[in-house]
1. Please go through the stretch 20-30 and pick out each residue that is closer than 25 Å to Glu57 by Cβ and open to solvent by 40 Å² or more (accessible area, probe 1.4 Å).
2. Return yes when Leu61 is open to solvent by less than 50 Å² (accessible area, probe 1.4 Å) and closer than 20 Å to Ser17 by Cα and no when it is not.
Amino acid sequence: MEEKSVFEMILNKEIESEIIYEDDDIFSIQDINPVARIHLLIIPKKRINTINNLSDEDTLLVGKMIQVAKDLAKKYEIDQSGYRLIFNTNDDGGQTVYHIHLHLIGGEKLKAF
Ligand code: 5GP
């Protein structure tokens, strides 16, 4: 059987991390290695390894992840100043945890790319 992802371990309380948002399908934590003042991860409870593994039945889930990101941006008061939402995918994309997650990054001026 596939090893548990670090995010499954956090959800199961096998690894300590404060859960800042949770509903039936999604949870959110602060990134342990933030790249900006605000760096949150929005994670589906269901393990999906990469964006490449999304199926049609996941469309609503991914939409909900973006809705949660929007709400958290407001809660953390960066909705007006601005923020970035990123899904890293596979090696070239910089993905290190193979359980999809949406990065919400902001709280300071981010470098353009
Ligand atoms: P990726 O590189 O896959 O897009 O993003 C994985 C993110 O998970 C990284 O930004 C990394 O800092 C974060 N991360 C990895 N392990 C842990 C952990 O144990 N706790 C928390 N809060 N974040 C983690």
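The values are calculated or read from the model by the stated rules, or taken from the named source; none is laboratory data. Computed from a predicted model, the values in this text were never measured in an experiment. Note that we place each Cβ from the backbone using ideal geometry, even for glycine, and neighbour counts take in every protein chain shown. Quick note on the areas: whole protein, heavy atoms, side chains included, nothing else; ligands and nucleic acids left out. Shrake-Rupley method; radii C 1.70, N 1.55, O 1.52, S 1.80 Å.
1. Passing the criteria: Tyr21, Glu22, Asp24, Asp25.
2. Values: open to solvent by less than 50 Å² (accessible area, probe 1.4 Å): yes; closer than 20 Å to Ser17 by Cα: no.
No: the conditions fail for Leu61.
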